[in-house]
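This report refers to the structure that appears directly beneath it.
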There are 2 protein chains.
Amino acid sequence: MMPIAITDPDDPRIEPYRAVRERDLVGRQHRFIVEGEVVLRVLLQQSRFDIESLLLAENRIDSLSNALENLPPNVPVYTANRQVMDAIVGFPIHRGILAMARRAPLPPVEDFLATLPQEALIVGLVGLANHDNVGGIFRNAAAFGAQGILLDQESCDPLYRKAVRVSVGGALIVPFTRVASANAMVRALQGASFEILAFSPAGQEILSQVKPARRTALLLGAEGPGLPPDLLAQTRTVSIPMSGGFDSLNVATTSGIALHHLKSQRS
Amino acid sequence: MMPIAITDPDDPRIEPYRAVRERDLVGRQHRFIVEGEVVLRVLLQQSRFDIESLLLAENRIDSLSNALENLPPNVPVYTANRQVMDAIVGFPIHRGILAMARRAPLPPVEDFLATLPQEALIVGLVGLANHDNVGGIFRNAAAFGAQGILLDQESCDPLYRKAVRVSVGGALIVPFTRVASANAMVRALQGASFEILAFSPAGQEILSQVKPARRTALLLGAEGPGLPPDLLAQTRTVSIPMSGGFDSLNVATTSGIALHHLKSQRS
């Protein structure tokens, strides 16, 4: 691994790293960006994605050298001093560690479900537009070894910079794909013999009493609106009992509680 | 309830609302601030704290009128237009809803524990310096009806503005107090016949196998350092099994998973 020193912020080789925040808003169509040591290590060791390049502050190379042994030899590692790196990125990038990776094509949901094992636990997200929550759900899904996540069109991009960061790399580990709508999600899951557990404060069954089927999908809606009523009408609905009158749990926390319960029932 | 119109940002009556962010940094010794409709409703209906005053944008009064029926008649309700309110607060305060409340004295930990019921579930925090995490833990504690939270000196203020907001009002519901150190926390809990469950990725027992004692305290440390080794050496240690090699769970999510399991075992 021979780092390539960048001394000019306008160097065309580091073009994808330019103006990070502005690009976040526009969206990166074929790529996504990873920042910080912990997530970079996930990208290098556990990720499903191809790495295009790294951009590291000069003083970060030594501490990363063992992780960089896993880097394919054709991936360029650019380095810059802090001043040049900040000028490229457009703000002070304290962590001094960035990587650019290629998005993978999102398979049709039927193909996605067909590749999963016969014993599988997955999560479906409907209307989850908050990057913190989606990142937190991917973190929990990775922690409990969920095999996949489905997202409807209203749910946000798991590879958005903030979602990746909050997921602590979980968004790089847990496979996911999009479905056209909540109804399409339900139909595809039913077609692939998944038992659907739709979480709602008004759910009929209590989580602690639920035993998972061989293939189980837990569906979560956004805090506030929750899952659509017509979806709840055609699925098993599950609630987590709470103390009198208090506002419901955060949806990412709900995913952690549900995945923990279902996983520990299974093992 | 007769609102008092404020037209001058320098009006001495709304002095405590001035320069909110700067005061956040300095700290409010005898007061704390609450923002937004959801948390204000908790303050009005479920809180343990005395309210000093409200400051509302003119256009928010109508939607709050039913909640304001619970307001003691001696509490002044100030109103201002957006321009004056923003000038008082020091930034655009979109929600247009603020309240000032009085802190309650923090009792010695022995007195605090003595007031709890014989069947009790509480949480102890060691070195939790992140307001999001402390807010999230109070939210979960309120959701699952935990009877109290102990904090060491390194843990942050649950009544800090951001912690209150993230707790969705849980910080106003769940009683808490401070202890001098993690060791003092352990001694006080043992003295009050609490079974201590210290959470650690290296914990000897698995959460799903744990049955709570009548009085149970779950202890949580900061992500990264975790609980101190000498504390783990003198307590029952509990882990949440995770999928191979992934970074540990967020500490607030851990509190939700643990409280849910212990509560559902009990009921």
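The values are calculated or read from the model by the stated rules, or taken from the named source; none is laboratory data. None of the values given here were measured: they were computed from a predicted structure. Cβ coordinates were reconstructed from backbone atoms using ideal geometry, including for glycine residues, and neighbour counts include every protein chain displayed.
Data overview
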| quantity | calculated |
| --- | --- |
| Qualifying position, being assigned by TED's automatic domain parsing to the domain that holds B:Ala213, of a type in the set (D, E, K, R) and within 22 Å of B:Pro212 (Cβ to Cβ), among B:Glu119, B:Glu154 | B:Glu119 |
| Residue within the range A:208-215 that is under 25 Å from the mean Cα position of the chain (by Cα), surrounded by 21 or more Cβ atoms within 10 Å (Cβ to Cβ) and either assigned by TED's automatic domain parsing to the domain that holds A:Leu116 or of a type in the set (S, T, N, Q) (or both) present | no |
| Test for A:Arg41: is it in a helix (DSSP H, G or I), touching a residue at least 24 places away in the same chain (Cβ under 8 Å) and buried (at least 18 other Cβ atoms within 10 Å of the Cβ) | yes |
| For A:Phe138: the one exception among (1) aromatic (Phe, Trp, Tyr); (2) touching a residue at least 60 places away in the same chain (Cβ under 8 Å); (3) within 14 Å of another protein chain (Cβ to nearest Cβ) | (2) |
| All positions within the range A:211-232 that are hydrophobic (A, V, I, L, M, F, W, C) and outside any helix (DSSP H, G or I) | A:Ala213, A:Ala217, A:Leu218, A:Leu219, A:Leu220, A:Ala222, A:Leu227 |
| Selected residue (only one of A:Asn66, A:Asn59, A:Asn74 is touching a Gly at 6+ places or on another chain (Cβ under 9 Å) and either outside any helix (DSSP H, G or I) or more than 30 Å from A:Glu195 (Cα to Cα) (or both)) | A:Asn59 |
| Filter pass, B:Gly145 being within 14 Å of chain A (Cβ to nearest Cβ) and touching a residue at least 60 places away in the same chain (Cβ under 8 Å) | yes |
| Residue ID - surrounded by the fewest Cβ atoms within 10 Å (Cβ to Cβ), chosen from residues in the range B:227-249 that are within 7 Å of chain A (Cβ to nearest Cβ) and modelled with pLDDT of 90 or more | B:Met242 |
| A:Glu22 modelled with pLDDT of 95 or more and outside the structural domain of A:Phe176 (by TED's automatic domain parsing) | no |
| Any pair with Cβ under 9 angstrom, 6 or more apart, that starts in the range B:45-65 at a residue that is outside the structural domain of B:Pro158 (by TED's automatic domain parsing) and within 26 Å of B:Leu106 (Cβ to Cβ) and ends at one that is among the basic types (Lys, Arg) and part of a loop (DSSP other than H, G, I, E, B) | B:Phe49/B:Arg103 |
| Single residue of the range A:155-184 satisfying the filter (of a type in the set (D, E, K, R) and out of contact with any Ser or Thr (no Cβ under 9 Å at 6 or more places or on another chain)) that is farthest from B:Leu249 (Cα to Cα) | A:Asp157 |
